[in-house]
């Protein structure tokens with residue numbers, strides 16, 4: 001197995017993996033165009049796993065200078081339970097440590113067992129708002145009204 005950085009030509013295969021794992025609900029968040037924005041973000045680590053020159057999984061997250069968080073990890077069902085997810089997690093953790101992170105969090109949709117086996121523990125809840133316009137509207141501030149409070 002080889003773990004490497006994401007390149008733009010990986011995007012369609014990663015969408016296939018997300019769909020195979022029923023993790024592809026919002027193309028604007030996880031589709032090819034979103035992957036390109038993530039790839040261009042300097043805070044991001046975006047890694048891909050290959051087996052016999054075929055992409056079989058990926059992981060991505062961000063380090064903001066203080067905290068590191070994994071936002072998504074996915075391994076094709078045909079390649080699960082072979083250590084690929086663990087290898088991707090170890091690789092991104094090493095990258096974040098090299099950048100200065102001393103802890104690592106993960107957003108976990110669904111099953112937490114995989115993460116618990118690697119030392120993660122369930123702590124606080126993460127609340128999610130989508131689309132962003134709803135948050136702006138519900139704050140009473142309206143779009144484009146950046147104001148100091």
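Every condition in (1) buried (at least 16 other Cβ atoms within 10 Å of the Cβ); (2) touching a helix residue (DSSP H, G or I) at 6+ places or on another chain (Cβ under 6 Å) is met by residue 77 except one, and the failing one is (1).
With respect to residue 40, is the statement that it is modelled with pLDDT of 95 or more and surrounded by fewer than 19 Cβ atoms within 10 Å (Cβ to Cβ) true? Yes, satisfied.
The condition of being out of contact with any strand residue (DSSP E or B) (no Cβ under 7 Å at 6 or more places or on another chain), surrounded by 12 or more Cβ atoms within 10 Å (Cβ to Cβ) and either closer than 22 Å to residue 87 by Cβ or touching a residue at least 60 places away in the same chain (Cβ under 8 Å) (or both) holds for residue 51. When 69, 92, 17, 59 are checked against the criterion of being closer than 24 Å to residue 113 by Cα, in contact with a helix residue (DSSP H, G or I) (Cβ under 8 Å, 6 or more places away or on another chain) and either in contact (Cβ under 8 Å) with a residue 40 or more places away in the chain or surrounded by 12 or more Cβ atoms within 10 Å (Cβ to Cβ) (or both), a single residue qualifies: 59.
Could you list, in sequence order, all residues of the range 13-37 that are in a helix (DSSP H, G or I) and under 25 Å from residue 83 (Cβ atoms)?
Step one: filter the range 13-37 for residues in a helix (DSSP H, G or I), giving 13-20, 27-30, 32-37.
If the condition is that a residue be in a helix (DSSP H, G or I) and under 25 Å from residue 83 (Cβ atoms), then 13, 14, 15, 16, 17, 18, 19, 20, 30, 35 are the ones that fit.
Residues of the range 83-121 that are touching a strand residue (DSSP E or B) at 6+ places or on another chain (Cβ under 8 Å) and in a loop (DSSP other than H, G, I, E, B): 100, 101, 103, 107, 120.
Note on the range 97-141: among residues that are modelled with pLDDT under 75 and in contact with a helix residue (DSSP H, G or I) (Cβ under 7 Å, 6 or more places away or on another chain), the one that is surrounded by the most Cβ atoms within 10 Å (Cβ to Cβ) is 108.
The values are calculated or read from the model by the stated rules, or taken from the named source; none is laboratory data. In this text, all values refer to a predicted model and were calculated from it rather than measured experimentally. Cβ sites come from the backbone with ideal geometry, for glycine too, and all protein chains shown count toward neighbours.
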